1. Inspect region 213-223 for any residue being under 30 Å from Ile281 (Cβ atoms) and open to solvent by less than 80 Å² (accessible area, probe 1.4 Å) and give the result as yes or no.
2. List every residue pair whose Cβ atoms lie under 9 Å apart, where the two residues are 6 or more positions apart in sequence or sit on different chains, the first residue falls within region 343-366 and is open to solvent by 20 Å² or more (accessible area, probe 1.4 Å), and the second residue, located anywhere, is at pLDDT below 95 and near the ligand (Cβ under 10 Å from one of its atoms).
3. Tally up the residues in region 224-233 that are on the phi < 0 side of the Ramachandran plot, assigned to a loop (DSSP other than H, G, I, E, B) and open to solvent by 20 Å² or more (accessible area, probe 1.4 Å), please.
4. Just checking, does region 269-291 include any residue being basic (Lys, Arg), free of Cβ contacts under 8 Å to residues at least 40 places away in the same chain and not assigned by TED's automatic domain parsing to the domain that holds Asn119?
5. Filter region 274-293 down to the residues that are open to solvent by 30 Å² or more (accessible area, probe 1.4 Å), under 15 Å from Asn153 (Cα atoms) and more than 26 Å from the chain's Cα centre (by Cα) and list them by number.
6. Condition check: more than 14 Å from the ligand (Cβ to nearest atom), assigned by TED's automatic domain parsing to the domain that holds Trp96 and not basic (Lys, Arg). Does Asn50 satisfy that?
7. Take region 85-117 and flag every residue that is of a type in the set (S, T, N, Q) and more than 17 Å from Gly15 (Cα to Cα).
8. Among the listed residues Pro270, Pro261, Pro329, which satisfies the condition of being touching a Leu at 6+ places or on another chain (Cβ under 7 Å) and either crowded, with 21+ Cβ neighbours inside 10 Å or farther than 22 Å from Ser169 by Cβ (or both)?
Amino acid sequence: MKKLVGFIGWRGMVGSVLLDRLKENNDFLNFNSVFFTTSQIYGKPPYVLNRVSSRLEDAYNVEYLITLDIIISCQGEKYTTDIYTKLKNIGWKGYWIDASSCLRMDKKSIIVLDPINFNDIKLGIEAGIKTFVGGNCTVSLMLMALGGLFSHNLIDWISVSTYQSVSGSGSQSMLELLQQIGYVYKNISMYLSSQKSILEIEKMFNASLNKIDYSSTKLKGPLLGNLFPWIDKSMNNGQTKEEWKGAVETNKILNSKKYIPIDGVCVRVPSLRCHSQSFTIKLRNDISIQEIKSLISSHNSWVKVIDNNFDSTMGELNPLKVTGTLNIPIGRIKKLNIGKNYLSAFSVGDQLLWGAAEPLRRILNILVNK
Ligand SMILES: NC(=O)c1ccc[n+]([C@@H]2O[C@H](COP(=O)([O-])OP(=O)(O)OC[C@H]3O[C@@H](n4cnc5c(N)ncnc54)[C@H](OP(=O)(O)O)[C@@H]3O)[C@@H](O)[C@H]2O)c1
């Protein structure tokens, strides 16, 4: 009999990308599905094959949820903390798949990124693990980009600066940035072809952004023409939680025998989709650039080494080029002048695909076909 899968949070950024990927791959053929909502109860669910209910069900209806074989939640931390605990407390034995971060470091969960840790996932399922969580977006994208170096145990440590798009903060933030663009354009468009100096126009641009009331917004300030070097909560050691996740999640996914230090600064930038990362890597050995490129590009089917020149970098290594694809370009690969074992690299990936929805889609298929 086909397994019954419940979808929660399917309307958000991660959930809607997940839905598209499942449809593209005809995955709905393999299980029965039911869609839930926290805000539009008895509304219309998306049309998919093998849907067992023609209305949206209440995502807080625990009695319905316990009938499911698999729950996949892209709703967020608050929902997971509330409902996962309730289900576990009443002895639910199904599989929980989650996009949020709150269960990632739980001892009884596996962070899923099967091109990196398929064996651990397989062993975990055999051992009775029931909770599978997608990793932090930049962590998953880094592992897909640098998997060839990690798998050969060549990385001593990494310092990273991230350039994270606004959709990484959810659909509300993306709408806010687009509203800022519309508002400012309305205020300054008439001056763009006038005799006003560019400095005067810049002043109007800033004044226009400053007129917006950000107190009730998610972004809390203007991201247009701007950036915020702070993502997520404070960890009280100088790091943000996003920065903290870099090392702890990577080492959990890799099941590292020797802890690999990873740290840096995570920055929100006004690109709409895709996260970019600039790495400084201390290698364990002085290996040639040729060998580094070969190890990186042979690790998985999605990573692509981009030549370190102007045309290739401009053409291939940017968010717009990668948006909506599973490609993981990595370029600017060079030894740094500070020493033979120091390497730089820059990578881009769609944080809604490999950084969120795709590992969830793949673990869903693994569990459905088990
Ligand atoms: N965004 C990313 O790049 C990313 C990457 C990795 C992990 N994550 C994690 O995944 C979880 C979900 O993130 P998300 O970015 O997908 O959140 P999101 O876009 O804010 O969506 C979450 C929920 O908000 C509700 N919602 C309210 N207004 C909406 C609107 N205008 N459009 C769509 N949905 C709306 C929907 O729930 P109802 O239908 O029930 O109302 C939706 O499922 C979070 O824990 C996040 O940390 C996100």
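The values are calculated or read from the model by the stated rules, or taken from the named source; none is laboratory data. Treat the numbers as computed from the prediction; the structure is a model and nothing was measured. Cβ atoms come from the backbone with ideal geometry, glycine included; neighbour counts cover every protein chain shown. Remember, those area values only see protein heavy atoms, side chains included, never the ligands or the DNA or RNA. Shrake-Rupley method; radii C 1.70, N 1.55, O 1.52, S 1.80 Å.
1. Yes, because at least one residue in region 213-223 is under 30 Å from Ile281 (Cβ atoms) and open to solvent by less than 80 Å² (accessible area, probe 1.4 Å).
2. From residues that are open to solvent by 20 Å² or more (accessible area, probe 1.4 Å), there are no pairs.
3. Of the residues in region 224-233, 6 are on the phi < 0 side of the Ramachandran plot, assigned to a loop (DSSP other than H, G, I, E, B) and open to solvent by 20 Å² or more (accessible area, probe 1.4 Å).
4. The answer is no; no qualifying residue exists.
5. If the condition is that a residue be open to solvent by 30 Å² or more (accessible area, probe 1.4 Å), under 15 Å from Asn153 (Cα atoms) and more than 26 Å from the chain's Cα centre (by Cα), then Arg284, Asn285, Asp286, Glu291 are the ones that fit.
6. The answer is yes for Asn50.
7. So the first thing to find is which residues in region 85-117 are of a type in the set (S, T, N, Q), and the list is 85, 89, 100-101, 109, 117.
Listed by number, the residues that qualify are Thr85, Asn89, Ser109, Asn117.
8. Numbers: Pro270 fails: either crowded, with 21+ Cβ neighbours inside 10 Å or farther than 22 Å from Ser169 by Cβ (or both); Pro261 fails: touching a Leu at 6+ places or on another chain (Cβ under 7 Å).
Just one listed residue meets the conditions, Pro329.
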